[in-house]
Amino acid sequence: MANIVLLGAPGAGKGTQAALIKEKYSLPHISTGDIFRKNIREGTPLGVKVKAIIDKGELVPDELTIALVEDRLAQSDCEGGYILDGFPRTIAQAQALEGFSKVDMAIDIAVESEAVIKRIAGRRMCKCGETYHTSSYDREDCVKCGSKLYQRDDDREEVVRERLRVYEAQTKPLIDFYAERGLLHTVDGSGGVQATFELVCKVIDGNC
Ligand code: AMP
């Protein structure tokens, strides 16, 4: 049983590490960003509501995001644990989370901001959930499902700057929030995907 929160700047590799954790530990991967993007793609009322906010690099209101996650964590697949990726993103969200679930560990993937900007610029997505980077993959279609890869609208440079500003102001304080509760584990995310994953596994194995 492990209720895991992944912290880290945009582009630190939270989604990539979450996918690996999901596979190795059979835990559901809950990414609020993925949930919002799916709703935008499908044109749901939620998607329509959040699209303009996300395209600007701003945060979706706490109330809406908290209700969404509370609902998701109540589903039966989360009974044996979960990986939260992209939530909480504000102190208010972290406090709300304490009210409906008990976090076992918060893993902060630490990466320099220079590296983060480079990573985001080369990031490519597939609608099936796979992510790629142009530095290691030069095709335009997905290996898994064959769909055409795309760049996230909010991965454009001017939006990335705003997302990093929002991260510094609103999300970074969560590092102290979880440190104060003795739940924070920092891993160096500047190495490759596998090197980072080994560090992440050490934290999980040492705390389960
Ligand atoms: P991500 O895929 O985690 O980078 O999220 C993409 C965008 O979705 C963010 O820039 C926000 O606009 C929105 N978003 C995702 N998670 C949250 C959250 N926990 N609180 C508010 N907005 C969020």
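The values are calculated or read from the model by the stated rules, or taken from the named source; none is laboratory data. All of these numbers come straight from a predicted model, not from anything done at the bench. Every residue, glycine among them, receives a Cβ derived from its backbone with ideal geometry; neighbour counts consider all protein chains shown. Protein only, heavy atoms only, side chains kept; ligands, DNA and RNA dropped before computing areas. Shrake-Rupley method; radii C 1.70, N 1.55, O 1.52, S 1.80 Å.
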| task | Using DSSP to define loop residues, name the trypsin sites (Lys or Arg not before Pro) in the stretch 44-129 whose beta-carbon has at most 15 other beta-carbon atoms within 10 Å. | result | Lys102, Lys127
| 11 Å beta-carbon shell around Asp188, net charge (K/R +1, D/E -1) | -3
| Label-point separation in nm, Ala110 to Ser190, each point 7 Å along Cα→Cβ | 1.0
| remark: So the number of lysine pairs in the stretch 1-138 with alpha-carbon atoms under 19 angstrom apart, 8 or more residues apart or on different chains, is 12
| Normalised alpha carbon radius of gyration of the stretch 136-188 [divisor 2.2 N^0.38 Å] | 1.73
| note | Cβ-Cβ cut-off under 13 Å around Val116, Lys and Arg +1, Asp and Glu -1: the net charge is +3
| query | For a paramagnetic label modelled at 7 Å from the Cα of Cys208 toward its Cβ, which residues of the stretch 6-26 fall within the zone defined by backbone nitrogen distances under 11 Å? | reply | 21-26
| remark: Mean separation of Cα contacts under 8 Å (at least 6 apart) over the residue count of the chain, i.e. the relative contact order in percent, is 32
| query | What do you get when you divide the Cα radius of gyration of the chain by 2.2 N^0.38 Å, with N the number of residues? | reply | 0.97
| Rel. contact order, % - alpha carbon contacts under 8 angstrom, at least six apart, the stretch 54-168 | 33
| the chain: most fluctuating residue of Val50, Val111, Val143 per GNM, C-alpha cutoff 10 Å | Val143
| said: Looking at the chain as a GNM with Cα springs under 10 Å, which of Glu140, Glu114, Glu158 has the largest mean-square fluctuation? | reply: Glu114
| request: Between Arg156 and Gln95, take the C-beta separation as r, use R0 = 30 Å, and let me know the FRET efficiency to the nearest 0.05. | output: 0.40
| Local electrostatic count at Glu157 - Lys and Arg +1, Asp and Glu -1, tallied over other residues with Cβ under 15 Å | +2
| query | For the chain, modelled as a GNM with alpha-carbon contacts under 10 angstrom, which of Gln17, Gln170, Gln93 fluctuates the most? | reply | Gln170
| Portion, in percent, of the accessible area of the chain that falls on carbon or sulfur, probe 1.4 Å | 50
| said: Given a 1.4 angstrom probe, what's the average accessible area per residue across the chain, in square angstrom? | reply: 52
| query | With each pseudo-label sitting 7 Å past Cα toward Cβ, what's the Asp71-Val143 distance in nm, one decimal? | reply | 3.5
